[in-house]
Structures are given as structure tokens and as C-alpha cells.
Amino acid sequence: MLHHRYASYKALSTPGTQDDAQWLTYWVVYAGLTSAEAIVQSLFLYVPLYYELKLVGLLWLMTPQTKGAQLLYEKFINPFLTQHAAKFDPVFATTKLAIDNAQVDKLVALAQQYGPDITRGAINQAALELKRQSASGEINSRGDFNNQRAPQTNDHQRAPQTNASQRVPQSGNYNQGSTNVPRGMPSRY
């Protein structure tokens, strides 16, 4: 994949458009094949030498001598998309309106602002829970549950705190520390 990406970069850096069209066609075909592969992936597990055949197919698609991507695009993808464009265009117009929405911009800004702290808080909580389970004997040194089932807790049946200093605040300002949990989100330990 590194070669494909670098070759695409080089194609975009050159003044002509012939190599741009070749790589854009390749990526369109590759995306279509990857989507199809994801749908029927379980069937490919039983095909002998599947990954070797896939490698040969990718080489056929990307080499300028064979123009495999261009052939698949012209014979299958372009006719299909041309025939069904009237169905796809409204979907993409609606998607563009949703993406260009001011509320989406606010959500993105919030995710960029608070996302790393929430992730760190979740990782810290997971580490504390692992320590608690290890200390109480609920899991063994390999990380397996000794009773073969994960302990079940509900909000009204919380497990006891092992140490008051390990508690994560229920709410707070994100700028005060990396283990804070946003208001309204439960903190188990």
C-alpha cells in the first residue's frame, strides 16, 4: 500500500493529468473491491492461496502496462454509477448539507477539545479496574477471569472501592487533570 500512496502523491505532483487519472481510477476500483471484499470476506477464507491471488490482482490493477483498474472501471464501475447516479446524487447532496452544518462544526470542535482527555480517563479507569481485579483475585496473572465470567455490576450494585485515592471524580473541569470524567458519565472506580 505504501507504493500506491507514494505513486499517487508523485502523480499529483507532476504537471500532467494522465498519471492522475490512472491513480484516481485505481483508487476508485480499489475502494469498490475492498467494500465488496468486506461484505463476503467469510467466503474468501476457504479459497486456497487467496492472499497470493489478491496480491497478483492488485499488481494487475495498478501497473500501467496492464491498465487493469481502467478496464474494470470502464466495463463495470462507470456503467453502474452512470445508471444509478440519479439515486446516489440526492444522498450525497444530503450528506454534504449535514457535513456543512454549524452543529457538526461544534461537535468536531468539542471532540478535538475533550477527546484526548476522555480517552486518557478511560484508559486510567481500565488500568485501575485491572489492578482492583488482580488484587481481589478476580483475574489471574494471564488476565483471565478465575470464575470464567466477567463480574456483573449495575449502577445500584457498585463494587467496593479499593482505595479512596484511586477514585476518579464524577464530574469536573477537563483542564484540572487527565482522569476527570465528564458530567453525567458514570465512574465505576
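The values are calculated or read from the model by the stated rules, or taken from the named source; none is laboratory data. Values in this document were obtained by computation on a predicted structure and should not be read as measured data. Virtual Cβ from ideal backbone geometry, glycine too; neighbours counted across all protein chains shown. Ligands, DNA and RNA are stripped out before the accessible areas are found, and what is left, the full protein with its side chains, is counted by its heavy atoms. Shrake-Rupley method; radii C 1.70, N 1.55, O 1.52, S 1.80 Å.
Summary of values
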item: Filter pass, Val56 being among the aliphatic types (A, V, I, L, M) and open to solvent by less than 70 Å² (accessible area, probe 1.4 Å); result: no
item: Residue within segment 92-100 that is free of Cβ contacts under 8 Å to residues at least 12 places away in the same chain, of a type outside the set (Ser, Thr, Tyr) and in a loop (DSSP other than H, G, I, E, B) present; result: yes
item: Of all residues in segment 99-112 being of a type in the set (D, E, K, R) and surrounded by fewer than 11 Cβ atoms within 10 Å (Cβ to Cβ), the one that is farthest from Asp20 (Cα to Cα); result: Lys106
item: Yes/no for Gly137 being surrounded by 10 or more Cβ atoms within 10 Å (Cβ to Cβ) and small (Gly, Ala, Ser); result: no
item: Of all residues in segment 59-98 being open to solvent by 90 Å² or more (accessible area, probe 1.4 Å) and closer than 18 Å to Ala11 by Cα, the one that is nearest to the chain's Cα centre (by Cα); result: Lys67
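Matching residues to (1) within 30 Å of Gln18 (Cβ to Cβ); (2) in contact (Cβ under 8 Å) with a residue 12 or more places away in the chain; (3) of a type in the set (Ser, Thr, Tyr); (4) out of contact with any His (no Cβ under 8 Å at 6 or more places or on another chain):
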{"position": "Val40", "(1), (2), (3), (4)": "no, no, no, yes"}
{"position": "Pro64", "(1), (2), (3), (4)": "yes, yes, no, yes"}
{"position": "Leu81", "(1), (2), (3), (4)": "yes, no, no, yes"}
{"position": "Phe88", "(1), (2), (3), (4)": "yes, no, no, yes"}
